[in-house]
1. State whether the residues of segment 66-82 include one that is among the polar types (S, T, N, Q) and within 26 Å of ALA437 (Cα to Cα).
2. Could you list, in sequence order, the residues of segment 30-48 that are within 25 Å of GLU452 (Cα to Cα), in contact (Cβ under 8 Å) with a residue 60 or more places away in the chain and part of a helix (DSSP H, G or I)?
3. Within segment 411-467, how many residues are of a type in the set (Phe, Trp, Tyr) and crowded, with 23+ Cβ neighbours inside 10 Å?
4. Evaluate the following for PRO177: is it out of contact with any strand residue (DSSP E or B) (no Cβ under 8 Å at 6 or more places or on another chain) and either part of a helix (DSSP H, G or I) or not β-branched (Val, Ile, Thr) (or both)?
5. Please indicate, with yes or no, whether at least one residue in segment 216-228 is closer than 18 Å to SER286 by Cα, surrounded by 20 or more Cβ atoms within 10 Å (Cβ to Cβ) and hydrophobic (A, V, I, L, M, F, W, C).
6. With farther than 30 Å from VAL530 by Cα, small (Gly, Ala, Ser) and out of contact with any His (no Cβ under 7 Å at 6 or more places or on another chain) as the only criterion, which of SER344, SER389 stands out?
7. Looking at the structure I just gave you, is ALA351 closer than 22 Å to ASP532 by Cα, of a type outside the set (S, T, N, Q), out of contact with any Lys or Arg (no Cβ under 8 Å at 6 or more places or on another chain) and assigned to a helix (DSSP H, G or I)?
8. So in segment 116-128, with the set limited to residues that are among the charged types (D, E, K, R) and under 20 Å from VAL58 (Cβ atoms), which one is surrounded by the fewest Cβ atoms within 10 Å (Cβ to Cβ)?
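The values are calculated or read from the model by the stated rules, or taken from the named source; none is laboratory data. Here the structure is a predicted model, which is why all the values come from computation and not from measurement. Positions of Cβ are backbone-derived with ideal geometry, glycine not excepted, and every protein chain shown enters the neighbour counts.
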Amino acid sequence: MSKTVGRALAESLVAHGIDTIWMVPGESFLGLTDALTEVPEMRLIVCRHEGGAGFMAVADGRMQGGRAGVLLVSRGPGLSNAMVALHTAWHDATPLVVLCGQVERKDFGRLALQEQNYAKLLGDITKAVIEVNEVVQASESIARAFHLAESGTPGPVAVILPEDIFDELTDTPMAKPRPRVHGGPRAEDLDQLAKMLAEAERPLVWVGGALTNADATTLDELRRLAEQWVVPVSPTHRRPQLFDAGHPNYGGYMGIRVPKQLMDEMRKADLLVVIGERITDSVSQSYTFPTAPDPQLPLVQVWPDPNEIGRVFRPDLGIAAEPAAVIRALLKRGAPAGASKRTSWVAGLNAIHTKLMAPDWESMADGVNFAAVCVEIAKHLAPDAAVTSDAGNFSSFIHRYIGFRPGQNFLSSVVGAMGAGVPMAVAAAIRRPGKQAIGFCGDGGALMSGNEIATAMQYGAAPIIVISDNKRYGTIGMHHEVRYPNRPYEAAVKLTNPDFAAWGRVFGAEGITISTEAEVEDAIARAFAVKDRPVVVHVHTSAEQMSAWRRRGAPRVHE
């Protein structure tokens with residue numbers, strides 16, 4: 001029986017398990033939204049900006065075990081606004097399916113209103129651009145998009161849909177979802193890895209992006225592997241929830257600009273095993289550990305896509321497999337004899353980590369040290385809390401003073417795009433009603449995408465948004481000071497901000513202000529007590545305390 005292409009696309013999305021689409025309405029896909037509103041399994045979340053909608057779709061996919069979130073945007077300006085989310089998904093190896101309207105097929109090539117060659121525009125930040133110009137390929141395009149987005153190295157896939165195709169009729173059978181293909185480790189590779197680990201006296205194990213959405217069983221197996229094989233485990237940049245920060249085998253957080261004490265100890269390692277991490281410049285400390293292209297110590301890299309292994313770093317052993325399969329296989333083999341020889345190595349790394357995370361800080365004269373806020377929030381976090389972070393130096397306080405653990409969700413733009421914090425918190429609150437969603441952002445990022453608080457209000461979501469306001473783009477100010485010491489730079493980073501608590505109340509949120517450290521405890525307790533609407537916590541933070549590790553005009557702490 002024939003149906004419209006719009007209906008065929010809607011049913012194909014449902015067949016792929018999609019129940020939520022994040023969107024900003026557009027005239028170029030009215031035939032699709034008309035069909036989607038007739039599908040009871042589907043929920044359309046109308047957002048206030050395509051960039052915010054894109055960040056929400058990215059976060060939504062991560063919260064569902066690494067499935068692709070779905071973003072629906074109009075052509076031209078709509079897609080251009082969403083590019084920041086595609087950039088994030090591409091660099092963060094996060095699956096995302098973007099449905100984008102296009103001009104009518106009869107107008108191709110005429111530079112019709114908002115027409116763009118999307119194959120060219122998106123060629124460098126998507127895994128594929130699928131143009132649906134034939135009715136018979138409509139459903140097939142959805143199956144292909146999800147398969148590509150979620151396979152190998154995950155990433156964004158764009159499906160381009162001409163405006164005139166939705167109302168055409170089709171009797172083409174629905175293309176079924178394609179089973180996920182999982183690569184498994186070869187026996188000989190496992191033999192070599194087990195031998196390298198058995199012989200190593202000072203191994204490091206880093207775990208990252210490809211494990212971000214691992215289930216509780218896999219993360220528990222990782223814990224057991226660390227304990228039985230006596231190895232330290234370090235989550236990589238913006239993946240802190242992969243290993244319990246309070247566990248004695250926690251080897252320190254491998255984020256951007258690792259403190260010198262920890263980095264000096266790590267450099268004594270005689271083996272680096274990287275499980276599910278691409279090893280970006282942030283994680284490798286600007287390609288110095290490991291050094292690129294030839295590491296200064298034996299390197300093992302486990303990643304689902306063979307094309308990624310060896311792309312930058314030459315590994316001594318590369319294993320193209322699902323990280324969970326490698327962890328499970330090592331557990332089955334049993335720990336090697338003499339693994340206890342590494343006890344002091346693990347304990348030494350953990351001692352440094354524990355010292356670095358100690359809840360101490362200095363009060364500042366020019367505002368609240370954001371450490372005080374993060375330490376207090378940590379006391380209130382539920383075991384299944386979702387925490388989101390925008391980009392900026394304020395996030396260093398989160399990673400230094402909040403000890404994350406498996407079961408919690410940490411959502412951000414790993415590549416460092418500003419504007420992710422608020423939309424991702426809103427998405428977390430919408431996806432998981434009744435559970436904690438706490439979003440951190442700076443005063444810069446807050447006004448890039450903070451309007452999505454209106455989306456939270458519209459759908460009854462209640463995230464807590466914590467804004468660190470130091471009245472400047474603080475990270476850029478720090479870089480100015482480091483690169484050009486004793487030079488003025490305020491004019492290049494200064495901001496004039498609203499009263500963010502009052503701004504939040506205008507949306508209908510609860511607004512709370514923190515101006516001194518004496519107000520922190522009660523204010524955070526009030527924020528967590530609100531359950532029926534969003535909360536905006538406006539923290540007047542110190543600009544002198546530039547990050548969790550550096551004060552203005554002073555050497556970086558622990559350097």
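1. Here is the first cut: in segment 66-82, the ones among the polar types (S, T, N, Q) are 74, 80-81.
Next, from what is left, pick out any that are within 26 Å of ALA437 (Cα to Cα): 81.
The answer is yes; a qualifying residue exists.
2. LEU30, LEU32, ASP34
3. Number satisfying all stated conditions: 1.
4. It is true that PRO177 is out of contact with any strand residue (DSSP E or B) (no Cβ under 8 Å at 6 or more places or on another chain) and either part of a helix (DSSP H, G or I) or not β-branched (Val, Ile, Thr) (or both).
5. no
6. Numbers: SER389 fails: farther than 30 Å from VAL530 by Cα.
Only one candidate qualifies: SER344.
7. Numbers: closer than 22 Å to ASP532 by Cα: no; of a type outside the set (S, T, N, Q): yes; out of contact with any Lys or Arg (no Cβ under 8 Å at 6 or more places or on another chain): yes; assigned to a helix (DSSP H, G or I): yes.
So ALA351 does not fit the description; no.
8. Looking only at segment 116-128, we keep the residues that are among the charged types (D, E, K, R), and these are 120, 124, 127.
Then keep just the ones that are under 20 Å from VAL58 (Cβ atoms); that gives 124, 127.
Numbers: ASP124: 9, LYS127: 21.
The qualifying residue surrounded by the fewest Cβ atoms within 10 Å (Cβ to Cβ) is ASP124.
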